[in-house]
Amino acid sequence: KTTTLGREGSDYSAAIIAYCIDAKEITIFKDVSGVLSADPREFENTVLLHQISYKEAVELAFFGASVIHPKTLQPLQNKKIPLRVKSFVNPLEKGTLVANGVDIEPKIPCFILKKDQILISISDKDFHFIMEDDISEIFDYLHQYSLKVNLIQNSAISFTVCVEDNFNNFGDLVQDLNARYKVLYNKNLTLYTIRHFTDETIKKIEKGKKVFIKQLSRETVQIVVQN
């Protein structure tokens, strides 16, 4: 049966072959010099990351960095096969090494931007708590209408998600949710994700913007804003 491998299929094919033949290393050529600290089309003064771990590469890809797809990394990580990302424009440059157990170098903030985001806040019409059953039902609707969830926040009486509506199903989603819940939303927002953030980088992103949500963990901050 013939099938297609989807987005980044050529990279994935190379990773599978490398896995099968126990390759010592795999090199993938892109139109950039390697894995950068941000998309040069959206940010100035981007920096080449000389090396990152598989885990860091997956984290960056999960939040929206597009150089390496997570499915390409899985077979390589399983056999600890190093991956080098290089530029086909300047193939003699070293590019970025992705390998097991290496630290990110240089360790600097990495920025990921997603436009056209929708922030949805959902609460019970009868002022009841939002419980696990409610959250499960909401996710069923999100899956049914193929909305990609990029951020989640919940409180006692509300559940908030930042989503992408890639298939123009948002109106149908709201119609179904309104049957039981009170739904508020804001469209045309931007989601910034910063890995290895500093206070200075957060202030830089927030400057001159209306902030709707900011979530911080040990290594990552996500900020939903309106420019």
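Think of each Lys and Arg Cβ as +1 and each Asp and Glu Cβ as -1; about the Cα centre, that makes the dipole of region 112-226 roughly 780 debye.
Non-local lysine pairs in region 165-227, meaning eight or more places apart or on different chains, with alpha-carbon distances under 22 Å, amount to 6.
Rounded to the nearest 20 Debye, what is the dipole magnitude of region 9-108 about its Cα centre when Lys and Arg each give +1 and Asp and Glu each give -1 at the C-beta?
Details: 11 positive and 12 negative charges, 68 e Å.
Its charge dipole is roughly 320 debye.
Taking a straight line from the alpha carbon of Lys94, these lysines sit under 16 Å away, with near neighbours fewer than eight places off in the same chain left out: Lys30, Lys86.
Summary: within the chain, the longest segment free of GluC sites (Glu not before Pro) located in DSSP loops with at most 14 other C-beta atoms within 10 Å is 94-218.
With an 8 Å Cα cut-off and a minimum separation of 6 or more residues, compute the relative contact order for region 112-226 in percent. Relative CO of region 112-226 lands at 31 percent. Bridging of Lys80 to lysines at a Cα separation below 18 Å is possible for Lys24, Lys55, Lys71, once same-chain residues fewer than 8 apart are set aside.
Solvent-free Debye calculation, one equal scatterer per alpha-carbon of region 81-227: log10 I(q)/I(0) at 0.10, 0.18, 0.19, 0.20 Å⁻¹ equals -0.48, -1.06, -1.11, -1.17.
Which of His50, His143, His69 comes first, and how do the rest follow, when ranked by fewest Cβ neighbours within 10 Å?
Values: His50 15, His143 10, His69 19.
The fewest-first ordering by Cβ neighbours comes to His143, His50, His69.
For region 9-108, the equivalent ellipsoid derived from the alpha-carbon gyration tensor has semi-axes of 21, 14, 13 Å in decreasing order.
Using the Cα centre of the chain as the reference point, and only Cβ charges (+1 on K/R, -1 on D/E), how large is the resulting charge dipole? Debye, rounded to the nearest 20.
Values: 28 positive and 29 negative charges, 122 e Å.
Using Cβ point charges on Lys, Arg, Asp and Glu, the chain gives about 580 debye.
Please grab the % of Cα pairs in region 162-227 that end up more than 14 Å from each other. Intermediate values should be presented prior to the final figure.
Details: 1370 of 2145 pairs.
Here the long-distance tail beyond 14 Å is 64 percent of all Cα pairs in region 162-227.
Between Ile138, Val225, Phe167, whose Cα lies farthest towards the positive end of the dipole of region 72-227 when Lys and Arg beta carbons carry +1 and Asp and Glu beta carbons carry -1, centred on the Cα centre? Most positive-ward Cα: Val225. Qualifying trypsin sites (Lys or Arg not before Pro) in region 8-48, where qualification requires a DSSP coil assignment and no more than 16 other C-beta atoms within 10 Å, comprise Lys24, Arg41. Working note: 222 nm ellipticity from helices only, DSSP H runs with n ≥ 4, each -39,500 (n - 2.57), summed and divided by the residues of the chain, gives -8000 deg cm²/dmol to the nearest 500.
Readers should treat all values here as calculations from the given coordinates under stated rules, not as data from a laboratory. Note that the structure is predicted; figures quoted are calculated from it, not measured. No Cβ is skipped: glycine too gets one built from the backbone with ideal geometry, and neighbour counts run over all protein chains shown.
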